[in-house]
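Scroll down for the structure; my scribbles are underneath it.
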Amino acid sequence: MTKEEKPGWKSIPRGGLILDAGNATQYRTGGWRVKRPVWNEDNCIHCLFCWVYCPDISITVEDGKMTGIDYDYCKGCGICAEVCPSKKKAIVMESEGQEER
Amino acid sequence: MKRVALTGNEAVSLAMKQINPDVVAAYPITPQTEIVQMFSQYVADGQVDTEFITVESEHSAMSASIGASASGARAMTATSANGLALMWEVMYIAASSRLPIIMPVVNRALSAPINIHCDHSDAMGARDSGWIQLFSENSQEAYDNVIQAIRIAESANVLLPVMVNLDGFIISHAVENIDVLDDEKVQDFIGSYTADYSLLDKDNPITFGPLALQDYYFEAKRQQVEAMKYAHKAIPEVAREYEKLTGRGYGYFTPYRMEDAEVVIIGLGSTMGTAQVAVDELRKEGNKVGLLKLRVFRPFPKEELARMLAGIPVVGVMDRADTFSGNGGPLFADLNTVLYGGEERPELYNFIYGLGGRDINVSNLMEIYRYLLNARDGQTLNRVNYFGVRE
Ligand code: SF4
Ligand code: SF4
């Protein structure tokens, strides 16, 4: 949403109330990230430890297999990389914006 | 309606009993203690349906009231002095979450030094918290204000908490004859309360008190300003209905012998009753003096006060609290702001008095009127005066 599109004080619910449930998805917390988890499928044993531990539900899984990381919500905490038990780590943390440098 | 002899605390707890709130969460503190004690007796005796929550502090009393109110309950609490100060952060949350909680405050000085007696430093410390603030001159007004507060707080578009102030000991512990309504009359007057939103409404889930950063916080604050404007409208509307029921009229303030007055005192609370006697005495001697007893401190009735005071040569402003700004008390500051730039602006003088319960009697008030009369006649008088303090 651009600044102009946001509703003003006359139309927002009173007292800062949020009247709709299930709106956390509208808040893309990926912008908070300083470090980015990078997944290497070749090293992955699909144990799903990362999926269990991720505090932001940002590990995507299909048919019981790890498929990637949802960067819209991943805050870059690094827990997934820490818990990954694969001998050759399947997730490593890289500094955000490293590629551009 | 019947006439009974009650202390201020008894009158307030009786009003609470007749209101029969869904939830009361309170912690005892002198001089408010009796309100909590007597109300808990009503609960124990089954005379009310209230869920009484015994909490471990005033911070929790206000927090529990907020939770109850957010669930859609009619919630009340009561406190004094340091108890009010301990509620401070949560009071802001009550107001900005737009929860119509009612709280009698039995005014007492804030420590230190430790003091249990009356002044208004507790209420004035909370003046910017977004609560509506009413002041009472005596037990009758405290009783009437508590009942009216329910209607003011719950008015559509207002939905703000209300603090009903009554002077510690001077009102809270003094017995006076007052008129009280029958229980059913009070119930008819306040009606039932249905909150627009409730945390317990599982079919319409909502979020109270969410995070609102640079993008929404300001809008929520602006809404509160608007709610206060609606409160300004609702207060006289509720008062008119209450007058139909009781014959007792209430406004933003009560003028006393203001016709042709050249020197006027304005102030809050029980001292205004004492000042009436001083006015009568001085009028007997031919002095053109009057009195303005302010009932509504927040929202501040700025236009009405400016109109009322325009053209009066000298106004003495009584403050039972200091701001320590070096520029006088809170009422003095507000009145200066309201009158600044107005036509026929009165000369304002501030008297800070009665801190920590320092007594103020009729002859003290006559002395203050005489300073003001002399100022009208050209004698110099300090802008801010500390009255009744030893040098
Ligand atoms: S870095 Fe943290 S938030 Fe991001 S995917 Fe890994 S565990 Fe989840
Ligand atoms: S923890 Fe490591 S090995 Fe296990 S699924 Fe996640 S990335 Fe793959």
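The values are calculated or read from the model by the stated rules, or taken from the named source; none is laboratory data. These figures come from a predicted structure and were not determined experimentally. So basically every Cβ, Gly included, is an ideal-geometry build from the backbone, and we count neighbours across all protein chains shown. SASA here: full protein model, heavy atoms, side chains in, ligands and nucleic acids out. Shrake-Rupley method; radii C 1.70, N 1.55, O 1.52, S 1.80 Å.
Within the stretch A:48-78, can you find the residues that are within 8 Å of the chain's Cα centre (by Cα) and either of a type outside the set (V, I, T) or more than 9 Å from ligand 1 (Cβ to nearest atom) (or both)? Scanning the stretch A:48-78 gives A:D56, A:S58, A:D70, A:Y71, A:D72, A:Y73, A:C74, A:K75, A:G76.
The sole residue among A:A90, A:A81 that is open to solvent by less than 60 Å² (accessible area, probe 1.4 Å), within 13 Å of A:W39 (Cα to Cα), modelled with pLDDT of 95 or more and more than 7 Å from ligand 1 (Cβ to nearest atom) is A:A90. Among the residues of the stretch B:247-262, those that are touching a residue at least 40 places away in the same chain (Cβ under 8 Å) and surrounded by fewer than 20 Cβ atoms within 10 Å (Cβ to Cβ) comprise B:R248, B:G251, B:T254, B:P255, B:M258, B:E262.
Sub-7 Å Cβ pairs linking a first residue in the stretch A:76-101 that is within 10 Å of ligand 2 (Cβ to nearest atom) to a second residue that is among the basic types (K, R) and at pLDDT 95 or above, at least 6 apart or interchain, are A:A81/A:K89, ordered by first then second residue.
Scanning the stretch B:127-160 for residues that are within 14 Å of chain A (Cβ to nearest Cβ) and among the aliphatic types (A, V, I, L, M) turns up B:A153, B:A156, B:V158, B:L159, B:L160. On the basis of being open to solvent by 30 Å² or more (accessible area, probe 1.4 Å), charged (D, E, K, R) and in contact (Cβ under 8 Å) with a residue 12 or more places away in the chain, does B:K284 make the cut? Considered against the rule, which asks whether it is open to solvent by 30 Å² or more (accessible area, probe 1.4 Å), charged (D, E, K, R) and in contact (Cβ under 8 Å) with a residue 12 or more places away in the chain, B:K284 comes out as no. Can you find even one residue in the stretch A:34-47 that is more than 14 Å from every other protein chain (Cβ to nearest Cβ), of a type in the set (D, E, K, R) and within 12 Å of ligand 1 (Cβ to nearest atom)? Yes, the conditions are met somewhere in the stretch A:34-47.
Taking the stated definitions as given, is B:D334 under 30 Å from B:H173 (Cβ atoms), open to solvent by 10 Å² or more (accessible area, probe 1.4 Å) and not in a loop (DSSP other than H, G, I, E, B)? Against the criterion (under 30 Å from B:H173 (Cβ atoms), open to solvent by 10 Å² or more (accessible area, probe 1.4 Å) and not in a loop (DSSP other than H, G, I, E, B)), B:D334 qualifies. The residue that is farthest from the other protein chains (Cβ to nearest Cβ), counting only those in the stretch A:1-33 that are of a type in the set (S, T, Y) and not in a helix (DSSP H, G or I), is A:T2.
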